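Undergrad: Just dropping this structure here.
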Amino acid sequence: MGLSVTASHVIWFFAFVGLAGGVLTAFFDLSGTFRHAEATRQAIDSEKLHAFLANATFCYDGAAQEVRVNATNEGAAALDVGNLTFVLDGAPASGFAATPQDGVATSFWAPGEWMAFTETGVAREPSTLVIATEHGVLVRATKTACP
C-alpha cells in the first residue's frame, strides 16, 4: 500500500509539472504577442505624430477640366504617394498623377519635399479638397486660382 500511494503521488507530481510548463509556455507566448502588438501600435502612433503636410493648395482649371494640388511633406515621416487619398467635396477621388519636386517619378515622398498632383476629367469645380495620408492624417487644402 505504501508503494502505490507514493507512485501515484509521483505520477500526479509529473502531471502537475507538465501542466504548469504548458500553462507558462502559453502565457509567455501570449505575453510576447502583446508586446509585439504594443510596439506596432506605438510605431503607428509615432508615424501619425510625425506626418504633416503643409502648404496644401488646389485649383481647378475649367478649360482642361483638371484639379491641380500642391503640398509639402513637412513631417519627419516619409509618405507613400500610392497610399494618399484625395477627397473632393466629400467623395473619394482616384486617378491623381504625382509629379515630385525633382521631376523623377517615384512613390516615395521624402520629408521636406513638395509634390504636385493632377487629376483630369473633373467635370465640375470642387469647393473642398482633403488629403488623407496613410497614417490617418487629414489635411484640408486651400483653394487658389490656377495660374
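The values are calculated or read from the model by the stated rules, or taken from the named source; none is laboratory data. None of these values were measured; they are calculated from a predicted model. When we count neighbours, we look across all protein chains shown, and the Cβ atoms used for this are built from the backbone with ideal geometry, even at glycine.
For (1) in contact (Cβ under 8 Å) with a residue 24 or more places away in the chain; (2) outside the structural domain of Ala77 (by TED's automatic domain parsing); (3) more than 20 Å from the chain's Cα centre (by Cα); (4) more than 16 Å from Phe86 (Cβ to Cβ), each residue gets a yes or a no:
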site	(1), (2), (3), (4)
Ala105	no, no, yes, yes
Glu113	yes, no, no, yes
Thr118	yes, no, yes, no
Arg124	no, no, yes, no
Thr128	yes, no, yes, no
Ile131	yes, no, no, no
Glu134	yes, no, no, no
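Undergrad: When you scan segment 111-132, do you find a residue that is in contact with a helix residue (DSSP H, G or I) (Cβ under 6 Å, 6 or more places away or on another chain) and of a type outside the set (S, T, N, Q), even just one?
TA: no
Undergrad: In the set Gly62, Gly2, Gly32, Gly22, which member is farther than 30 Å from Gly112 by Cα and at pLDDT 90 or above?
TA: Gly62
Undergrad: On to the next question. Considering only residues of segment 115-142 that are touching an Asp or Glu at 6+ places or on another chain (Cβ under 9 Å) and in a strand (DSSP E or B), which is surrounded by the most Cβ atoms within 10 Å (Cβ to Cβ)?
TA: In this case the residue turns out to be Leu129.
Undergrad: Now a separate question. Only one residue in Phe108, Phe96, Phe58, Phe52 is loosely packed, with under 12 Cβ neighbours inside 10 Å and of a type in the set (Phe, Trp, Tyr), so which one is that?
TA: Values: Phe96 fails: loosely packed, with under 12 Cβ neighbours inside 10 Å; Phe58 fails: loosely packed, with under 12 Cβ neighbours inside 10 Å; Phe52 fails: loosely packed, with under 12 Cβ neighbours inside 10 Å.
Phe108 is the lone residue from the list that is loosely packed, with under 12 Cβ neighbours inside 10 Å and of a type in the set (Phe, Trp, Tyr).
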